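Each remark here refers to the structure printed beneath this line.
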Ligand code: WT7
């Protein structure tokens, strides 16, 4: 295995033609972006269309210091634009109407289609007109619960065209979670599909939406319109059968409408809504350490500049390349690097509906070959899952089109990095380990494929305009080598501006621990060469297969069960998922812990949060390790989870016998 010293140089053939082709060039550009952000981003802004021109005097303003007043960030304030216009009309006007924007690849290999820029523009205009006809206005929120289909992209851009704020919820979240999010953002319109095949599993999305809308209605919030794409009828099911359109999906009169009954008829002329640079473009929920999800708000102009620029440089995207990001559109990666970043660069992308394992475990590689993909972007959890199968599945496929391989979502372990580099990249590709967050809008730490010598597992260096720092517990900056809290000292264009309806929570969550800095919640280490290595969350958050969730939200679900008195959840390392949930519960006096309770608890978490949050282990704990003041010592629980008896100092525990009892009561299969 590579030691920290191992360095892999960018392949000369990648570096030679790259936008940034040496480390010195990266450093020079970086310095300019820090010294003169107006000039750096102003140059980039020129390629986009501004209805009201940019005013250089109000180009960039911010306050990151809570002691000096409210936190805010403004880029290009005063300018007006429309992001859908910039992504579509502008590219069509530049002569790229016939260029393919998306190759859609279905779950079943027999299903595929494509959409050009011109056609995408037409569909977006149609859908935008439909939204307007349903009364949706600038600033209104539209809830979206969709699979990876072309209509998902059309929905996002249709919202953007009329200035409506899209609020996607990953279609793996449960009806309860979706309802909570619809209520929070007060969406009156919902867009979904009847269902989708993922591998051999059928997900009935509309049914889940029905449950969510019912829950909302019980709380006095009525969704007025639900637009449903009839998808199942046009795809091949795993058994090879084509289903009929308008299958058994129940439609509620007056509320639910089929996409195909209203969109194709609509006009392809749609005047864009010119919005302010700082008007919201979308919101996206992310887990908060206190349980209630946070509605991260991104605005228009800065996000456009940042999505476009990171996409161009980090993937080194050239006009004839084909790019593929496997992330679901329901996550920030899907927003920035499936939709906004690629289209802003007039890119051709693959949009894939299925899983890496269907019909066989070589599907990813066959799709790369089929479309001659040049940039491939996926998550460490997928790489680790695919590594388990025989190497020949990768080796026998022609992957020579690949140039850049991306990784996102969690730290990539060196074993997975090497497998990705050697087997998939054939030692000829650059790997970009991109560190970022829902909140950051785009990559903030990352190598550049033609410029940065790679170290397996290091997110390396800041992107242009980003100024990272490592702080110790008392907020002192660690210069040079060392480990600390990863923070940022100033805003870049793509950073979130607020939490929906809750600016105070925005300020306390991200800006109160270290005044003057945006606090990521991650730890990082700087090595002797200045490389940054993200070490993982420093707060009570878990990262299961790249899905971030808080211990608090899982705990509150577990304690909802009438037989559970108390619950504590910790992360346990997992070979494929990165981390998994290890739950400790104490039962109420009269309860016996048995398989029935265990099943019910797992089911409850699936229902309340989603299948991806299902606990791997639930331990019946006699008691939880608490300090005299009643705080649960998670440090000890993390040791119990991995059966490591080296628990350290337990003198602050109210009852130190608990520790022994916890080890004794570990489930046999844990
Ligand atoms: C958290 C953000 C970024 C889009 C997908 C996740 C972890 C993300 C990396 C990486 C180490 C990473 C961090 C971060 N993370 N990328 N390359 N190396 N850790 O977005 O759900 O907002 O999660 O994912 O812990 O804080 P998210």
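Taken together, the values in this text are just the output of simple stated rules run on the coordinates, not laboratory data. Keep in mind the model is a prediction, meaning the values are calculated, not measured. Neighbour counts are summed over all protein chains in view; Cβ atoms, including those assigned to glycine, are modelled from backbone coordinates with ideal geometry.
Some notes on this structure:
- For the pair residue 219 and residue 43, label points projected 7 Å from Cα toward Cβ lie 4.8 nm apart.
- Translational D in µm²/s for the stretch 57-148 (Stokes-Einstein at 25 °C, 0.890 mPa s, Kirkwood Rh from C-alpha pairs): 144 µm²/s
- The ranking of 443, 503, 166 from fewest to most other beta carbons within 10 Å of each one's beta carbon is 503, 166, 443.
- Under the simplified labelling scheme, the residue 627-residue 612 pair shows an inter-label distance of 3.3 nm, with each label point 7 Å from Cα along Cα→Cβ.
- Counting 0.36 nm for each residue step from residue 320 to residue 237 and taking away their Cα separation leaves a gain of 26.6 nm.
- Three-way shape label, the stretch 506-553, alpha-carbon gyration tensor, a/c 1.5: oblate
- Stokes-Einstein diffusion coefficient of the stretch 229-357, Kirkwood radius over Cα pairs, 20 °C, 1.002 mPa s, in µm²/s: 117 µm²/s
- As a proxy for reagent exposure, ranking 404, 271 by other Cβ atoms within 10 Å from fewest up yields 271, 404.
- Tail fraction, Cα-Cα pairs, the stretch 96-153, threshold 12 Å, whole percent: 73 percent
- Cα centroid separation, the stretch 31-83 to the stretch 133-178: 27 Å.
- Computed from the C-alpha gyration tensor, the three semi-axes of the ellipsoid equivalent to the chain are 36, 32, 27 Å, from longest to shortest.
- What the Kirkwood sum gives for the stretch 545-665 is a hydrodynamic radius of 14.7 Å, with every pair of different alpha carbons counted.
- Cβ-Cβ distance of residue 9 and residue 652, R₀ of 51 Å, FRET efficiency by 1/(1 + (r/R0)^6): the value works out to about 0.55.
- Where the alpha-carbon atoms of the stretch 142-190 are placed on the principal axes, they occupy 29, 23, 11 Å, in descending order.
- Span per principal axis, largest first, for the Cα atoms of the stretch 102-203 (Å): 39, 37, 15
- Inter-label distance for residue 663 and residue 415, nm, one decimal - labels placed 7 Å from Cα along Cα-to-Cβ: 2.6 nm
- Highest average packing first - 97-105, 642-650, 274-282, Cβ atoms within 10 Å: 274-282, 97-105, 642-650
- Relative to one another, the C-alpha centroids of the stretch 260-290 and the stretch 423-477 are positioned 30 Å apart.
- Label reach from residue 251 (point 7 Å along Cα→C-beta): in the stretch 201-232, amide nitrogens under 11 Å belong to 227-230.
- When each of 474, 400, 167, 556 is scored by the number of other beta-carbon atoms lying within 10 Å, the sequence from fewest to most is 474, 400, 556, 167.
- Extension gain, residue 428-residue 22: 0.36 nm per intervening residue step, less the Cα-Cα distance, totals 144.5 nm.
- Averaging the Cα positions of each part gives two centres, and for the stretch 602-670 and the stretch 387-409 these lie 38 Å apart.
- Segment residue 645-residue 512, extension gain: residue separation times 0.36 nm, minus the distance between their alpha carbons: 44.3 nm
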